[in-house]
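Peer 1: Sending over a structure as structure tokens; questions will come in a sec.
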Amino acid sequence: MKKTCIVTGGSSGIGLSIVQLFTNKGYQVFNLDLQPSNLEILRGADISCDISNVEQVQNIISNIAKTATIDVLVSNAGIHFSGNIENTSAADLDKVLSINVKGAYAAIKAVLPDMKANKNGAIILMASDQALIAKQNSFAYNISKVALASIAKTTALDYASFNIRANAVCPGTIETPLYHQAINNYCQRSGANKAEVHAEEAALQPLGRLGQPEEVAELVYFLASDKAKFITGSLQVIDGGYTAQ
Ligand code: NAD
């Protein structure tokens with residue numbers, strides 16, 4: 001029987017690469033996203049979902065659990081918001097925390113009953129290098145990613161006795177639509193040139209380039225696999241050396 005993996009935010013960027021890799025490796029994958037991926041391989045397993053709506057997430061995942069055993073959750077959906085504390089409104093902060101943090105809470109809480117019953121599960125949270133270091137003009141996003149690292153650790157401790165593992169992946173700058181959106185916003189505000197900012201970003205990475213979503217997907221796949229069965233409560237950095245500086 002196929003293993004089952006739920007991915008949130010799997011219609012774009014890193015999530016899309018995760019959906020593709022797990023599907024290619026033989027998993028049955030469900031993608032919970034605001035918009036469908038329209039991937040032929042998903043064949044109806046694109047589920048329209050606002051991850052910040054706890055009740056909706058609960059209903060969707062409990063329906064999945066009626067027909068499948070949930071082996072893996074990749075809590076990946078997230079948004080970026082540029083701003084320091086002064087130009088982050090309370091509504092902006094609420095939005096970022098609702099999607100990035102409450103969304104992870106909702107998805108994890110919903111998969112736990114099935115994983116506990118099966119005494120098996122791997123949960124991977126998509127944090128960021130910003131779980132380890134702060135970046136300028138990233139107040140709300142920084143907070144949200146530190147929270148995800150903590151969720152990985154607390155979940156790992158609370159559910160180790162059920163053989164449920166939880167780890168956070170901490171990517172550096174990965175070339176996805178979210179990255180391009182963040183650069184566009186910055187250029188609009190500052191008047192900077194996008195090509196120059198992009199080149200500067202690459203030069204900031206010790207390996208001299210940005211990461212690719214497929215590279216993050218490979219790490220997630222490893223963490224979900226039995227090869228990582230003694231790894232839990234960890235923060236896995238994949239950042240081209242950025243946080244080693
Ligand atoms: P992306 O914008 O390309 O994809 C994000 C996906 O999440 C989209 O499909 C979007 O529709 C979905 N989404 C957004 N809000 C949602 C909601 N309320 N409910 C359900 N789905 C929603 O972004 P990405 O760069 O692939 O980022 C994916 C994750 O990786 C995010 O959590 C992000 O913070 C994290 N991350 C990205 C980078 C990077 O440089 N790109 C670095 C570190 C961490």
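Peer 1: From the set of residues in segment 191-217 that are under 30 Å from ALA156 (Cβ atoms) and of a type outside the set (A, V, I, L, M), which is most open to solvent (accessible area, probe 1.4 Å)?
Peer 2: GLU214
Peer 1: For segment 161-171, indicate whether the set of residues that are touching a residue at least 12 places away in the same chain (Cβ under 8 Å), over 27 Å from ASN120 (Cβ atoms) and in a loop (DSSP other than H, G, I, E, B) is non-empty. Walk me through it before giving the result.
Peer 2: Going through segment 161-171, the residues touching a residue at least 12 places away in the same chain (Cβ under 8 Å) turn out to be 162-171.
If we keep only those that are over 27 Å from ASN120 (Cβ atoms) too, we end up with none.
No, the conditions are met nowhere in segment 161-171.
Peer 1: Would you be able to tell me the number of residues in segment 21-35 that are touching a strand residue (DSSP E or B) at 6+ places or on another chain (Cβ under 8 Å), assigned to a loop (DSSP other than H, G, I, E, B) and open to solvent by 30 Å² or more (accessible area, probe 1.4 Å)?
Peer 2: Just the residues of segment 21-35 that are touching a strand residue (DSSP E or B) at 6+ places or on another chain (Cβ under 8 Å), to begin with: 22-23, 27-35.
Adding the requirement that they be assigned to a loop (DSSP other than H, G, I, E, B) leaves 27, 34-35.
With the extra rule that they be open to solvent by 30 Å² or more (accessible area, probe 1.4 Å), the set shrinks to 34-35.
So the answer is 2.
Peer 1: Please verify whether segment 35-56 includes one or more residues that are in contact with a Gly (Cβ under 6 Å, 6 or more places away or on another chain) and of a type in the set (Val, Ile, Thr).
Peer 2: yes
Peer 1: Let me ask something else. I'm trying to understand the selection: among the residues of segment 218-245, which are open to solvent by 30 Å² or more (accessible area, probe 1.4 Å) and among the polar types (S, T, N, Q)?
Peer 2: THR232, GLN236, THR243, GLN245 - these are the residues of segment 218-245 that are open to solvent by 30 Å² or more (accessible area, probe 1.4 Å) and among the polar types (S, T, N, Q).
Peer 1: Among ILE99, ILE151, ILE133, ILE143, which is the only one that is surrounded by fewer than 24 Cβ atoms within 10 Å (Cβ to Cβ) and touching a strand residue (DSSP E or B) at 6+ places or on another chain (Cβ under 9 Å)? Before you say what the answer is, go through the steps one by one.
Peer 2: Details: ILE99 fails: touching a strand residue (DSSP E or B) at 6+ places or on another chain (Cβ under 9 Å); ILE133 fails: touching a strand residue (DSSP E or B) at 6+ places or on another chain (Cβ under 9 Å); ILE143 fails: touching a strand residue (DSSP E or B) at 6+ places or on another chain (Cβ under 9 Å).
None of the other options fit; the residue is ILE151.
Peer 1: Checking the condition within 15 Å of the ligand (Cβ to nearest atom), assigned to a strand (DSSP E or B) and either surrounded by fewer than 20 Cβ atoms within 10 Å (Cβ to Cβ) or of a type in the set (Val, Ile, Thr) (or both), which residue from ILE6, ILE18 passes?
Peer 2: After applying the criteria, what remains is ILE6.
Peer 1: Among the numbered conditions (1) outside any helix (DSSP H, G or I); (2) surrounded by fewer than 19 Cβ atoms within 10 Å (Cβ to Cβ); (3) within 15 Å of the ligand (Cβ to nearest atom), tell me where ASN87 comes up short.
Peer 2: (3)
Peer 1: Out of all the residues in segment 115-128, which are part of a helix (DSSP H, G or I) and surrounded by fewer than 22 Cβ atoms within 10 Å (Cβ to Cβ)?
Peer 2: Matches in segment 115-128: LYS116, ALA117, ASN118.
Peer 1: Scanning segment 154-190 for residues that are closer than 20 Å to ILE70 by Cβ, among the polar types (S, T, N, Q) and buried (at least 20 other Cβ atoms within 10 Å of the Cβ), which turns out farthest from the ligand (Cβ to nearest atom)?
Peer 2: THR155
The values are calculated or read from the model by the stated rules, or taken from the named source; none is laboratory data. Predicted, not measured: the structure shown is a model, and the values here were computed from it. Reconstructed Cβ throughout: ideal geometry from the backbone, glycine too, with neighbour counts over all protein chains shown. For accessibility, only protein heavy atoms count, side chains too; no ligands or nucleic acids. Shrake-Rupley method; radii C 1.70, N 1.55, O 1.52, S 1.80 Å.
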